[in-house]
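This is the structure I want to talk about, given as structure tokens.
The values are calculated or read from the model by the stated rules, or taken from the named source; none is laboratory data. Everything numeric in this text was worked out from a predicted model, so none of it was measured. Cβ atoms come from the backbone with ideal geometry, glycine included; neighbour counts cover every protein chain shown.
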Amino acid sequence: MIQPDEIIRSSRKTLSLTIDPFGRLIVRAPRSCKEERIFKFIQEKERWILRKQTERQGAGMRLPPENLDGYQFLLLGKTCRIRLIEDKNIAFDSENAIVYLPEKNAKTRLIKWLKENAKRIFTQVTEEKAGQMGTQFHSVAVCSAKSKWGSCSYDNKIRYTFRLIYAPKEVIEYVVIHELAHTKYKNHSPLFWSEVGKYVPDWKEKRKWLKIHGILMEIF
């Protein structure tokens, strides 16, 4: 029998199950719901739970410790390692995939560096894909959102979470094309997905990658 990692009771009327980015099983239940009903519900959803937990484990990610020295994370889809140094400047050894990070204010400095690179890369890709798609956008901005990889406003201002920089380039390109498609269709209609499919035929696989690697939203 699968055991829940956490049971959250509230005034809700129905049972629900969630697998968090670490593969933990979270049950949300009405206050009056008996444990017998909860465990029966878990048993009914056992195959789904095991499949989702396997996906989460397959992401192979963990949150950073307080001491970042030696921590490994994804950068453009490739595993990079952090090395803390006494120098004042950040350096990136692309050949060996090492980020040399100053010890002082390490996390703050790293986030600033990631945001700067994310803005540069995302702007470049957005301009390139907009040209291919024959569309225009107002601006590109980078934010710290943890709920969305990207968004497009009604006046075509595009925003990306800097955390998208952890993803492989082809996944970044999918998100960019997704947001640019919103400059033409302000919804997720069949016409919208048809537009996305013209440039990313396997967009479902790219979206699946983002869902499986949802833990990336929690890093830094």
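Counting only residues that are part of a loop (DSSP other than H, G, I, E, B) and more than 18 Å from P168 (Cα to Cα), how many does the stretch 75-93 have? Can you show your working first?
Start the filter on the stretch 75-93 by keeping residues that are part of a loop (DSSP other than H, G, I, E, B), which leaves 76-77, 86-90.
When the remaining residues are screened for being more than 18 Å from P168 (Cα to Cα), the result is 86-90.
Looking only at that region, the number is 5.
Please give the helices (runs of 4 or more DSSP H) falling wholly within the stretch 95-203 in which 3 or more residues are of a type in the set (G, A, S).
Answer list for the stretch 95-203: 106-133.
In the stretch 98-110, what residues are surrounded by 14 or more Cβ atoms within 10 Å (Cβ to Cβ) and β-branched (V, I, T)?
Within the stretch 98-110, I98, V99 meet the criteria.
Take the residues in the stretch 199-210 that are touching a residue at least 40 places away in the same chain (Cβ under 8 Å) and over 16 Å from Y160 (Cα atoms); name whichever of them is farthest from the chain's Cα centre (by Cα).
Taking the candidates together, the pick is Y199.
Scan the stretch 1-17 and report the pairs whose first residue is acidic (D, E) and whose second residue is in a loop (DSSP other than H, G, I, E, B) and surrounded by 13 or more Cβ atoms within 10 Å (Cβ to Cβ), with Cβ atoms within less than 6 Å and a gap of 6+ or a chain change.
Close Cβ pairs (under 6 Å, with a partner that is in a loop (DSSP other than H, G, I, E, B) and surrounded by 13 or more Cβ atoms within 10 Å (Cβ to Cβ)) amount to D5/R24.
Out of the stretch 3-56, which residues are touching a helix residue (DSSP H, G or I) at 6+ places or on another chain (Cβ under 8 Å), at pLDDT 90 or above and within 18 Å of I212 (Cα to Cα)?
L17, L25, I49
Considering each residue of the stretch 147-156, count those that are in contact with a helix residue (DSSP H, G or I) (Cβ under 8 Å, 6 or more places away or on another chain) and either among the hydrophobic types (A, V, I, L, M, F, W, C) or surrounded by 12 or more Cβ atoms within 10 Å (Cβ to Cβ) (or both), and give that number.
Going through the stretch 147-156 one residue at a time, the tally reaches 4.
Please specify each residue of the stretch 86-129 satisfying the condition of being closer than 16 Å to G70 by Cβ and of a type in the set (S, T, N, Q).
N96
Next up: Among the residues of the stretch 118-164, which ones are of a type in the set (S, T, Y) and within 19 Å of the chain's Cα centre (by Cα)?
Taking the stretch 118-164 as the starting set, the residues that turn out to be of a type in the set (S, T, Y) are 123, 126, 135, 139, 144, 147, 151, 153-154, 160-161.
Matches in the stretch 118-164: T123, T126, S144, S147, S151, Y160, T161.
Looking at the stretch 74-97, is at least one residue surrounded by 12 or more Cβ atoms within 10 Å (Cβ to Cβ) and among the hydroxyl-bearing types (S, T, Y)?
no
If you take the residues of the stretch 26-49 that are of a type in the set (V, I, T) and part of a helix (DSSP H, G or I), which of them is farthest from K13 (Cα to Cα)? Show your work before the answer.
Residues of the stretch 26-49 that are of a type in the set (V, I, T), as a first pass: 26-27, 38, 42, 49.
In the following step, the residues that additionally are part of a helix (DSSP H, G or I) were identified as 38, 42, 49.
Numbers: I38: 13, I42: 17, I49: 21 Å.
Going through the qualifying residues, I end up with I49.
Name the single residue that is surrounded by the fewest Cβ atoms within 10 Å (Cβ to Cβ) among those in the stretch 157-202 being closer than 13 Å to F137 by Cα and in contact with a strand residue (DSSP E or B) (Cβ under 7 Å, 6 or more places away or on another chain).
Only one residue fits best here, namely K157.
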